[in-house]
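Visitor: Sharing a structure below in structure tokens format, with a few things to ask.
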Amino acid sequence: AQSVTQLDSQVPVFEEAPVELRCNYSSSVSVYLFWYVQYPNQGLQLLLKYLSGSTLVKGINGFEAEFNKSQTSFHLRKPSVHISDTAEYFCAVSIINTGTASKLTFGTGTRLQVTL
Amino acid sequence: DGGITQSPKYLFRKEGQNVTLSCEQNLNHDAMYWYRQDPGQGLRLIYYSQIVNDFQKGDIAEGYSVSREKKEYFPLTVTSAQKNPTAFYLCASSTSWDTEAFFGQGTRLTVV
């Protein structure tokens, strides 16, 4: 079975400062990796995903993440945050298994709070 | 616009009553999923379906039931057997081969 750990439940940051949201995973087989964002009382929106290839993945809204296989990590970064980035961020994995449903295993989420 | 529609957005029920949450997608996706979200626990998989008339239990299926009679619809019934049904429920879909899941806007169920 696979698991995802997001150690930081909350991350406060000032506007225009850089931010890193940490994600570590555990799996006995190869996985795909995802970051989703959730605004209050809404569904989840995909920020970015790592399937294969370059370990640095760029997503929407200026976010990027780097896959580190040796450290089993997939940390999310943004060089300069905006007030509108305030939201809950979820890291997720799914097992690489072509042709089957992509069941996601989620971390517990990190609340990013951006202030002036 | 293509997407996933969940209804209603807010739902209140008395304890002991069954309640059905609606999920409809017009993305022509084969696979559909139901997740439950609780504060501090992330999302947990309840049920999923890869094709019409077939579905599988997820990690927390007890007290829930689903059906998949049409490709577009995947309703979730929260039964009276579910001990703690108050939560935010999210429906998602994906193609059978792709890895990206698309989510609806969620239904917040409150049982009193």
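No lab work stands behind these numbers, since they all come straight from the coordinates. Note that the structure is a prediction, hence the values are computed from the model and not measured. Methodologically, a virtual Cβ is constructed for each residue, glycine included, from the backbone with ideal geometry; neighbour enumeration extends over all protein chains shown.
Visitor: Tell me, which cysteines of the protein assembly as shown are without a disulfide-compatible partner by the Cβ under 4.7 Å rule?
Guide: none
Visitor: Where the centroid of each part is defined by its Cα atoms, how far is the stretch A:7-73 from the stretch B:32-71 in Å?
Guide: For the stretch A:7-73 versus the stretch B:32-71, the Cα centre distance is 24 Å.
Visitor: So, in nm, how far is label A:Ile83 from label B:Asn26 when the simple model puts each one 7 Å beyond its Cα toward the Cβ?
Guide: 3.5
Visitor: May I pose another question? Can you work out the FRET efficiency for the pair A:Ala17 and A:Asn61, with r the C-beta to C-beta distance and R0 = 25 Å, to the nearest 0.05?
Guide: Efficiency, from the Cβ-Cβ distance: 0.95.
Visitor: Taking 8 Å as the Cα distance limit and 6 or more residues as the minimum spacing, I'd like the relative contact order of chain B as a percentage.
Guide: Across chain B, relative contact order equals 35 percent.
Visitor: Let me check against my output: what whole-number percent is the relative contact order of chain A, with C-alpha pairs under 8 Å and at least 6 apart?
Guide: The normalised contact order for chain A reaches 37 percent.
Visitor: Using the beta-carbon distance between A:Leu46 and B:Glu15 and R0 = 41 Å, what value does 1/(1 + (r/R0)^6) give for FRET efficiency, to the nearest 0.05?
Guide: Efficiency computed from Cβ-Cβ geometry: 0.70.
Visitor: Extension gain B:Val112-B:Val52, at 0.36 nm per residue separation less the Cα-Cα distance, in nm?
Guide: Separation in residues times 0.36 nm, less the Cα-Cα distance, equals 18.2 nm.
Visitor: Can you give me the relative contact order of the stretch A:41-109 as a percent, contacts being Cα pairs under 8 Å and 6 or more apart?
Guide: On the way: 69 pairs, mean separation 11.8, N = 69.
Relative CO of the stretch A:41-109 lands at 17 percent.
Visitor: Here is a follow-up. Tell me which residues come under 5 Å, amide H to amide H, from B:Leu43 once H is placed; ignore anything under 5 positions away on its chain.
Guide: A:Phe106
Visitor: Just subtract the alpha-carbon distance of B:Glu62 and B:Gln41 from 0.36 nm times their residue separation and send over the number in nm, one decimal.
Guide: Computed gain between B:Glu62 and B:Gln41 is 5.8 nm.
Visitor: Residue by residue through the stretch B:32-39, what is 3J(HN,Hα) from phi via Karplus (6.51 cos²θ - 1.76 cosθ + 1.60, θ = phi - 60°)? Round to whole Hz and write x for glycine and proline.
Guide: My calculation for the stretch B:32-39 gives 9, 9, 10, 10, 10, 10, 10, x Hz in order.
Visitor: Per-residue Cβ counts within 10 Å, from other chains only, averaged over B:27-35: what number is that? Display every interim value, and only then the final one.
Guide: Values: counts 0, 0, 0, 1, 4, 1, 4, 0, 5.
Per-residue shielding by partner chains comes out at 2.
Visitor: Additional query: Would you please put B:58-70, B:38-50 in order of how densely packed they are, using the mean number of other Cβ atoms within 10 angstrom per residue and starting with the highest?
Guide: Ranked from most to least packed, the peptides come out as B:38-50, B:58-70.
Visitor: Separate question: Compare the peptides A:14-26, B:20-32 by average per-residue count of other Cβ atoms within 10 angstrom and give them in order, highest first.
Guide: B:20-32, A:14-26
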